[in-house]
Structure formats: C-alpha cells, structure tokens
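First comes the structure, then the notes that go with it.
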Amino acid sequence: MENVEEIIVKKNYHELSGDERELIGELAGTEEEFEQMKFLFSQMEMMKDREVLEPRAETKHSLDHLFQETHQQKARGGIWLNSVLVALYPVERPAYKRPLLQVAAAVLVILLVVPLFNQRIEPSTPAQLAKNEIKQESDPIVDEKKEETSTESSEQLKEQQAAAPPVTKEPVPHNGFVRDDLSMPIAIDKFVSAESDAAVGATSTFSIVDVAPEMASTEIKSDHPDGVFVGDHMLTSMSAADQPELLDLLTATF
Amino acid sequence: MRLIKPSYAEMSDEALMRSMRNGDQRAFDEIYKRYSGPLLGYFMRMLWRDREKAEDFVHDLFAKIIRKPDYFDMERSFKTWIYSVANNMCKNEYKKQEVRKGMSNGLDNHFSLSDTNVNVMGEVQDSFFREAFERGMQSLDEKHKEAFALRHMEGLSIKEISEILDINEGTVKSRIFYATKYLAEELKVFNPVINR
C-alpha cells in the first residue's frame, strides 16, 4: 500500500513501467483515476503542512497543575535522582549496555582480582593440613615378643643400675679445660676402655680414677709439641711394673 | 559508556514515559510537545472539526496519561498506544452522539456546529478544497474515516494502524483503499488536470 502511494505521488502516468501499472491497477486503473489519486495525495500533503495546530496554553497549564498534584512528593526531591537513574539504568537498552551494570561488573572484577595480588603465602596451620593417619596393623605374635623383650630388658637395666657403684665426682681445679672424669685424652679414653673391655671380658667400665687416682687429680699439662706426653713429669716417669693395670691396658691397646 | 543523560528531545517516547511515571515533568513536557498538536488535529478531523471538543479531548487524554501512566504497556509502541486511546475516545463520543441524535429533533448538530464554527472556517477560508475534503471525510463511515485519517493525516504505517484499530493489515488496506477511492471521486471537480 505504501509503495502504491509513493509511486502515485512521485511519478507521472506515462512514466510507469508495466510492473508499476500492475501494482497500482486496483487503485488507479486508468489515467484519469491515477490523476485523481495524485491530486488527492498532493492536496492532503499541502493541508498537513498548512495545518499546524497547537492546543491552547490553558490546556497545558491545567495539565501541568494536574501533574504537580499527582506527583507532588516525587516532584519535590525526585527529579534529579530520576535523571540519574534513567542515565545509569536505561531500561530500554539491553542489560550489558546499562552503565550501572557495567560499573558494577567492573567493581566486582576488581574486588575479586586485587586481593589475589596482595595475598601472602602463609604457613599453613596444623588444622589446615591433611592428616595422614597410618594405622599399623598389629601382629599379635610380634607384639607378644616385643612385650617380653621390653620387660626383660627393663629388668636387666634395673639390676645393672642397682649393682653398679655410684660414680663419685671429685673436684677438679678449674684451668679453662673442664673434664668430669679424665685420666687421658677423650679419644684415647674411649678407645682404651672399649678395647680393654673386649680383651679382658670385663663387664664394668674402665676408669682412670680407679686405676690412678693421683693422675686424675693432677692438672693436665703438656709442654711437648706433639702432645704425646700427658701429665706431669712424676707420672710419666713412673715404672710400668708399679702399675700392672696400666701395663695390661697398654698391652691390649698396642 | 554514556553516563550523561541524553537530552529529552533525543529520548524515545517509551523512555520519556518511564521518566514521566517517576514524576519527571520535563519528560511530560516533551511528550506533550510531540503529540499534543497531532492529536488535536486528529480529534478535529474525527470530531466534526469541533475545536472546543478536540481541545477537551486532548486535555482528557493527557490527564489520563498523568493519572494512570501504568496503563501504558512499556513493551508496546507509545505512538500506537496513544492513538488507540484517542481512537477509542472518538468511538465513545460517536456512541454518545448516536444516543443524543435519537433524542434530538433530527437535525445534525455536528455539521451545523462545525459548519458555523467561525474559527474552523477561519482556518480553511482560503481553500474550498479543504472544505470539500472535510465534508467528504465526515460523510465516510467511522471505520473508513479512522483508517484513512491515521494513514494520510497522521502518517502512520499500515502495521501501526492495524495495532491501533486491532484489525489485520489486509482489512486496514481495504478500508484505506475504499476511503481513498471515495474521496478522490468526491474531490475530482477540484482537479484542474481532469477539468481542463
């Protein structure tokens, strides 16, 4: 219909193509009808241009008054806010084009991402760690044996402790080199005691305090550069025959 | 991203209605500016060129919009909605006049009123064509007149008219076709080309 009117207004009858004549045929089959239509449409256009009507000012005043009465409360404080809301959240636009939602999405992304950069790696507390509970399946036979050996060993230990004489500590003059129980250098002391035990088959531990109490009480000195000689002159010059225990020790050692 | 609100002149009718519903008077002013003139013309054509009546109808229509803005469905086109309201108001007026006519002495009050209306005649005094056209329009029955007026006076599309009148597009075309043929025939005496 719109096309038909456009053709009639814009073209003359003799300019029409076959298709156009066919299209407008129902409304204007002949040239005379075509001209009638053309005249009518052109006159109506002129009338529309001439007739620019405006309602009276009183009508608008009356409506303004009515509007203010109806929206009195909103009109007092809401106009500015309404403008902001319309600007930020225009309902006619799709959701992703609404500024308020865009800003909210940006803030959400920032809130989610920024803490990741500021996060410190803290040692995890025991409560946060996974617990690995390994259940040992108990073997009854092994358990019984263990119990037996543990009771036996504890009894033996008690007996040994009761049998062993109490170790007395003799005061040693302080010279910057403190030893509780010293008769010879530490390494030698241990070595000698182990060897002597093995050789003699003794169960008790060897102590230089028992063997040579004078030696133990003396201050340790060594003026010799290689440190072979230990103790003072009196002790080193003592005959081995006078000290049979020491002779046995030396024999077993070397 | 557009944070600054567009000017009211750039806003769509529907957006203006939303603002107006929230109490924005400037939105109402813009709607009034856009539609008051065309609606006044429409009412004048549909109501026997009675300007007083047309003014009253314009006032009543906008008063309805102010009081009950929720009547407008935001999903619809405002233009088609407001013309459908205007059209319904005219139909109600026709019914009212039919009742009055039955009670009157048989004289057609409308033609007598509009024809003797000095203002209307003042507007069309330089055009016999216009007078004849108006007579032709008034002699059309309502359904043809409203379809023709909406199409050729208000410039609405066939689709919009079908929505306003709540009829299918084929019927709209048929009514416009009939009214056009009728008026062209009535007014051919004014055509200088044919009468040459």
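For the pair B and A, how large is the buried accessible area, both sides, in square angstrom to the nearest 100, if the probe is 1.4 Å? If you can, show how the numbers build up before the last one.
Numbers: alone 11710 and 22140 Å², together 28830 Å².
Buried area (both sides, nearest 100 Å²): 5000 Å².
Surface calculation, 1.4 Å probe, protein heavy atoms: B:Ile164 sits at approximately 10 Å² accessible. Using the Cβ-Cβ distance between A:Glu15 and A:Val114 with R0 set to 45 Å, the FRET efficiency from 1/(1 + (r/R0)^6) comes to roughly 0.05.
Within 10 Å of each Cβ in peptide B:29-35, how many partner chain Cβ atoms are there on average? Round it to a whole number, please. Could the numbers behind the result be given before it?
Numbers: counts 4, 0, 0, 6, 2, 0, 0.
Average per residue, whole number: 2.
Which sequence of B:Glu52, B:Glu14 reflects their accessible areas, 1.4 Å probe, from the largest down? It would help to have the intermediate numbers written out before the result.
Values: B:Glu52 95, B:Glu14 40 Å².
These residues rank, largest area first, as B:Glu52, B:Glu14.
For region B:126-188, the share of accessible area belonging to carbon and sulfur comes to 45 percent (1.4 Å probe, ligands and nucleic acids excluded). Do any residues of region B:128-167 lose at least 40 Å² of accessible area when the full set of protein chains is present rather than just their chain alone, and if so which, with a 1.4 Å probe? Residues passing the criterion (a loss of at least 40 Å², heavy atoms only) are B:Phe129, B:Arg130, B:Arg151, B:His152, B:Met153.
With only Lys, Arg, Asp and Glu charged, each at its Cβ (+1 for the first two, -1 for the last two), find how big the charge dipole of region A:2-50 is about the Cα centre; round to the nearest 20 debye.
On the way: 6 positive and 14 negative charges, 55 e Å.
Dipole of region A:2-50, to the nearest 20 debye: 260 debye.
Distance between the pseudo-spin-label points of A:Ala163 and B:Ala9 (7 Å out from Cα toward the beta carbon): 12.0 nm.
Going down the table (A:Lys38/B:Lys181; B:Lys91/B:Lys173; B:Lys53/B:Lys95), which pairs top 18 Å between alpha carbons? Too far apart for the 18 Å limit: B:Lys91/B:Lys173. Here the Karplus relation 6.51 cos²θ - 1.76 cosθ + 1.60, evaluated at θ = phi - 60°, turns the backbone of region B:159-174 into coupling constants of 5, 4, 5, 5, 6, 5, 8, 6, 9, 7, 5, x, 5, 4, 4, 4 Hz, with x for every Gly and Pro. Of the listed residues B:Asp50, B:Asp166, the order by accessible area with a 1.4 Å probe, largest first, is B:Asp166, B:Asp50. List the pairs from A:Lys10/B:Lys188; A:Lys60/B:Lys68; B:Lys64/B:Lys143 whose alpha-carbon separation is above 22 Å, in the order I gave them. Check vs 22 Å cut-off fails for B:Lys64/B:Lys143. Counting only Cβ charges, +1 for Lys and Arg and -1 for Asp and Glu, the dipole size of region B:126-188 around its Cα centre is about 240 debye. Working from the Cα coordinates of region B:140-196, the gyration tensor eigenvalues give, after taking √(5λ), semi-axes of 25, 10, 9 Å in decreasing order.
The values are calculated or read from the model by the stated rules, or taken from the named source; none is laboratory data. Remember, predicted model here, so these are calculated numbers, not experimental data. Cβ coordinates were reconstructed from backbone atoms using ideal geometry, including for glycine residues, and neighbour counts include every protein chain displayed. Heavy atoms of the whole protein, side chains included, go into the accessibility calculation; ligands, DNA and RNA do not. Shrake-Rupley method; radii C 1.70, N 1.55, O 1.52, S 1.80 Å.
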